[in-house]
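Read the structure below first, then the notes.
Read-outs: derived from the displayed coordinates by stated rules, not from any lab. As the structure is a computational prediction, the values presented were derived from the model and not from experiment. No Cβ is skipped: glycine too gets one built from the backbone with ideal geometry, and neighbour counts run over all protein chains shown.
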Amino acid sequence: MSATAALADVDAALGVAAPLPRSNGELVFEEVWQGRALGLGVVVLERIGAPWSEFRDYLVAAIDAHVPMPGESAATAYYTAWLDAVEALLAVRGAR
């Protein structure tokens, strides 16, 4: 699967519930760690065989639970919630 196809799959699975941050159609990464967080999540989900629909539920919950810090950008809030969702999914699945 190509990187473009994989990103299209992620976009489709996250849908309107938790879309990836974009500006003018391009993904938004304000800091290096944000792109790495996205990549980490993609690899982890592939390795544990978790469907994107399952991850989406964790991501929506993490976004809802996230309390932004003063001055925190939308992208930072999103990718922080993204990492929280990956961690929560791994904890529930007992992955190490």
Residues of region 27-53 being surrounded by 14 or more Cβ atoms within 10 Å (Cβ to Cβ), of a type in the set (Gly, Ala, Ser) and closer than 24 Å to Gly94 by Cβ, which ones?
-> Ala37, Gly41, Ala50
From the option list Glu72, Glu54, single residue qualifying as over 11 Å from the mean Cα position of the chain (by Cα), assigned to a helix (DSSP H, G or I) and of a type in the set (D, E, K, R) is Glu54
For region 55-62, state whether one or more residues are surrounded by 12 or more Cβ atoms within 10 Å (Cβ to Cβ) and over 27 Å from Gly94 (Cα atoms).
-> no
Given Ala85, Ala17, which one is in a helix (DSSP H, G or I), in contact (Cβ under 8 Å) with a residue 40 or more places away in the chain and in contact with a Lys or Arg (Cβ under 9 Å, 6 or more places away or on another chain)?
-> Ala85
Which numbered condition trips up Glu46, out of (1) in contact with a helix residue (DSSP H, G or I) (Cβ under 7 Å, 6 or more places away or on another chain); (2) without any contact (Cβ under 8 Å) to a residue 40 or more places away in the chain; (3) part of a helix (DSSP H, G or I)?
-> (1)
